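The values are calculated or read from the model by the stated rules, or taken from the named source; none is laboratory data. Quick caveat: nothing in here was measured; it's all calculated off a predicted structure. Cβ coordinates were reconstructed from backbone atoms using ideal geometry, including for glycine residues, and neighbour counts include every protein chain displayed.
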Amino acid sequence: MPEPGIAPQPATSKGARQRRILVVEDADRDYALLTRELHKAGLDVILHRVENAEQFRAALADGPWDAIVSDHSLPQFSSTVALEIAREVEREVPFIIVSGAIGEEQAVDAMKAGAQDYVSKSNLRRLIPVLEREWREAEGRRKRRRAEAEIAALHRERETRLVQRSTLLDITNAVVANLDRSSLFRSIFDALRNSLAFDCLMIALPGREDGQIELTSLMDGTAPEEQTSVLQNTWGSEFGSSRIYSATQSDSAFPFAAELRAAGLQRAIVSPLKGFGFLIAASRSDASYGSAETEFLAEVCHQVALAIENMLAYEQIAELKSQLERENAYLLEEIKTEHNFDEMIGSSPAFTALTSRIRRVAPTDAAVLILGETGTGKELIARALHNLSSRRGKPLVKVNCAAISAGLVESELFGHVKGAFTGAVDKRMGRFEFANGGTIFLDEVGELPLETQAKLLRVLQEQEFEPVGSNRSIKVNTRVIAATNRRLSEAVAEGKFRSDLYYRLNVVPMEVPSLRERQDDIPRLTAFFLASFSRKFGRPAKSVSQEAMARMLQYQWPGNIRELENVLARAVVLSDTPVLNLETLALPLESRPQDPAPQVAAAVESPTLESAERRHIMSVLEGARWVVEGPRGAAKQLGLHANTLRSRMKKLGIRRPNEA
């Protein structure tokens, strides 16, 4: 310890800072001489004296020190040991040996070991310039290191900015190269992780419905794992600046905190995308996100927002284009379909009752079930209901349920998302969504599979559905008109049609009369068809002879108006005369009256033939348990179409036992 009365004095040189010197010395006299010499030189120093290795180690821990001045030889301690200890803790502090008993050779060895200089106790004045020299050199070293650190920091900052500019360029290129959602998100993910450490990138955008947000999460890996969920937007546009999230924060203080915590993410930066969404970089560890990372992500968001705006515009254009293409294809299909009437034609009592019912029902949105035999014009009734309603400005979408395979009917009606099944290479809008605001006509509705019937029931009840492969509901406002030539009540009894769907569809039943029930309309329909086909086929105007018309009125027309149309079209094409006769019309034999001679025989034989036919049909029906359609139905066994069999049953007065 310093001797009483000997203490360092303030520096005489203006601006010099106070120095701390650690002195290794066991002799009080030598320590006093050293202190006096420093005092005489006017150095502003604080001295701390130690005498053994234990004290020396403890003093080094209280550093830093500006110099270590050590005696060469102490009891059980030496400057060589002190130098080794010092270089373990204070590698750059000047170490100066002060001794009167060290030789030149030992001094050289000490300096090779790391000592800066050697001063003899007999010439302590030399210590002052040695210390000043070492301090100057130490200051120079500090300045060089500081400059090198600043240069290195500038290099790092420059490299960081270059990487960040490269990231922004990559994102800009992604705008041009990727316009679909999945490809763009993956490109942003790949570009951003070159400049920012994260385990998950989240992109939140407005959903299809108001108040919803679609949150797409891309987790780090060889290929980013993409997941999309639909959330309710409880933040609105108030979240206007970038923020740093920590798992210790409450959920209410941060958007998507619950989602981040559920994914095991501890820290994140969230940055708004022009007020319409969010970009979130998150880490599973407590990553050191600070102002620099937050500012960079905010800068990235300007480019990402432009990219996403372009993507959203492209999606909207693609969706509109797809809708226009589908609408165009549908309209072309409608044009190709021969609509036989500019307006409904007829004046018979059955037809007048039907048109009166149409006028009453059309202005409402009630579901209508059109019943009738094949060829009676059920589609024309549906078109009249639509055209007389307030929905006439929107499309009438027709779906032939019997013409669509069971595996595709659900996709056709409700649409599908990309990848929903093999072959679903793109998103497809369903007929219900296409008919939104208008009317959908489900022809042959009795042919729908049971699983599709359940989904149709939900549309009727709640006016919403999910496309195939999607968990997102789509709301629609569509009027449903269904048609069938089957007896749906029988299908319900057989378990082939849902009873709840039947009652939903059968709000307003509308029976279309067969042509044999409106024979008074046959002449008018014939005149209309003949004029239409003459124009279409470039033939002279045709008419029908009285004899032919009489036979047309007698014919039962099992194919109804469609059969009448086909018979007249064939006659116009094949006939070279302006008047169509019996031979040209080529009606089936059952429609032709017999000659007077054979009529008596026919009158005798006819009941026998009818009885035999009736007995045979009854036998087959009983064997089929009165099932008309299907692989085990009576129609299949008789080699007839189901509607033809029903027509024969009606003509022959055949009814199920419980209907008798």
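Name the one entry in Ala353, Ala329, Ala313 that is farther than 30 Å from Met202 by Cβ, modelled with pLDDT of 70 or more and part of a helix (DSSP H, G or I). Steps first, please.
Working: Ala329 fails: modelled with pLDDT of 70 or more; Ala313 fails: farther than 30 Å from Met202 by Cβ.
Unique residue meeting the criteria: Ala353.
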request  = Tell me, yes or no, whether the range 366-385 has at least one residue that is assigned by TED's automatic domain parsing to the domain that holds Ala454, surrounded by 17 or more Cβ atoms within 10 Å (Cβ to Cβ) and closer than 26 Å to Glu319 by Cβ.
outcome  = no
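How about the range 316-326: which of its residues are surrounded by 14 or more Cβ atoms within 10 Å (Cβ to Cβ) and either more than 18 Å from the chain's Cα centre (by Cα) or not in a helix (DSSP H, G or I) (or both)? Let's see the steps before the verdict.
As a first pass, look at the range 316-326 and keep what is surrounded by 14 or more Cβ atoms within 10 Å (Cβ to Cβ): 318, 322, 326.
Listed by number, the list holds a single entry, Arg326.
Mind checking which residues of the range 278-313 are among the small types (Gly, Ala, Ser) and surrounded by fewer than 22 Cβ atoms within 10 Å (Cβ to Cβ)? Spell out the reasoning first.
From the range 278-313, those among the small types (Gly, Ala, Ser) are 281-283, 285, 287-288, 290-292, 298, 305, 307, 313; that's our starting set.
Of everything in the range 278-313, those that are among the small types (Gly, Ala, Ser) and surrounded by fewer than 22 Cβ atoms within 10 Å (Cβ to Cβ) turn out to be Ser283, Ser285, Ala287, Ser288, Gly290, Ser291, Ala292, Ala298, Ala305, Ala313.
Matching residues to (1) touching a strand residue (DSSP E or B) at 6+ places or on another chain (Cβ under 6 Å); (2) among the β-branched types (Val, Ile, Thr); (3) surrounded by fewer than 20 Cβ atoms within 10 Å (Cβ to Cβ):
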| site | (1), (2), (3) |
| --- | --- |
| Asn436 | no, no, yes |
| Thr439 | yes, yes, no |
| Gly446 | yes, no, no |
| Glu451 | no, no, yes |
| Leu457 | no, no, yes |
| Pro467 | yes, no, no |
| Asn471 | no, no, yes |
| Thr478 | yes, yes, no |
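One residue is enough: does the range 113-121 have a residue meeting the conditions at pLDDT below 75, assigned by TED's automatic domain parsing to the domain that holds Leu43 and either of a type outside the set (A, V, I, L, M, F, W, C) or more than 29 Å from Leu38 (Cβ to Cβ) (or both)?
Our first condition is that a residue be at pLDDT below 75; within the range 113-121, this holds for 113-114.
Restricting the remaining residues to those that are assigned by TED's automatic domain parsing to the domain that holds Leu43 gives 113-114.
Next cut, either of a type outside the set (A, V, I, L, M, F, W, C) or more than 29 Å from Leu38 (Cβ to Cβ) (or both) only: 114.
The answer is yes, given that some residue of the range 113-121 is at pLDDT below 75, assigned by TED's automatic domain parsing to the domain that holds Leu43 and either of a type outside the set (A, V, I, L, M, F, W, C) or more than 29 Å from Leu38 (Cβ to Cβ) (or both).
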query = When you scan the range 550-577, how many residues do you find that are closer than 25 Å to Thr374 by Cβ and either surrounded by 16 or more Cβ atoms within 10 Å (Cβ to Cβ) or touching a Lys or Arg at 6+ places or on another chain (Cβ under 7 Å) (or both)?
reply = 18
query = Would the range 543-553 turn up any residue that is part of a loop (DSSP other than H, G, I, E, B) and polar (S, T, N, Q)?
reply = yes
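Please verify whether Ile151 is of a type outside the set (S, T, N, Q), at pLDDT 75 or above, at negative phi and crowded, with 17+ Cβ neighbours inside 10 Å, treating the condition exactly as stated. Write out each step before concluding.
Values: of a type outside the set (S, T, N, Q): yes; at pLDDT 75 or above: yes; at negative phi: yes; crowded, with 17+ Cβ neighbours inside 10 Å: no.
No: the conditions fail for Ile151.
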Odd one out for Gly438 among (1) more than 30 Å from Glu629 (Cβ to Cβ); (2) under 25 Å from the mean Cα position of the chain (by Cα) = (2)
ask   = Cβ-Cβ below 8 Å, separation at least six or inter-chain, first residue in the range 242-267 and on the phi > 0 side of the Ramachandran plot, second at pLDDT 75 or above and assigned to a loop (DSSP other than H, G, I, E, B): which pairs?
value = Gly264/Arg284
Scan of the range 521-542 for residues that are more than 57 Å from the chain's Cα centre (by Cα) and modelled with pLDDT of 90 or more, ordered by number = Pro523
query = Pairs, please: C-beta under 8 Å, at least 6 apart or cross-chain, first residue over 14 Å from Asn477 (Cβ atoms) and in the range 385-406, second assigned to a helix (DSSP H, G or I) and aliphatic (A, V, I, L, M)?
reply = Leu385/Ile358; Leu385/Val361; Leu388/Ile358; Leu396/Ala382; Lys398/Ala382; Val399/Leu413; Cys401/Val409; Cys401/Val445
note = Within the range 520-549, residues being of a type in the set (S, T, N, Q) and closer than 18 Å to Gly375 by Cβ number 2
ask   = Can you find a residue in the range 11-25 that is at pLDDT below 85, surrounded by 13 or more Cβ atoms within 10 Å (Cβ to Cβ) and among the hydrophobic types (A, V, I, L, M, F, W, C)?
value = yes
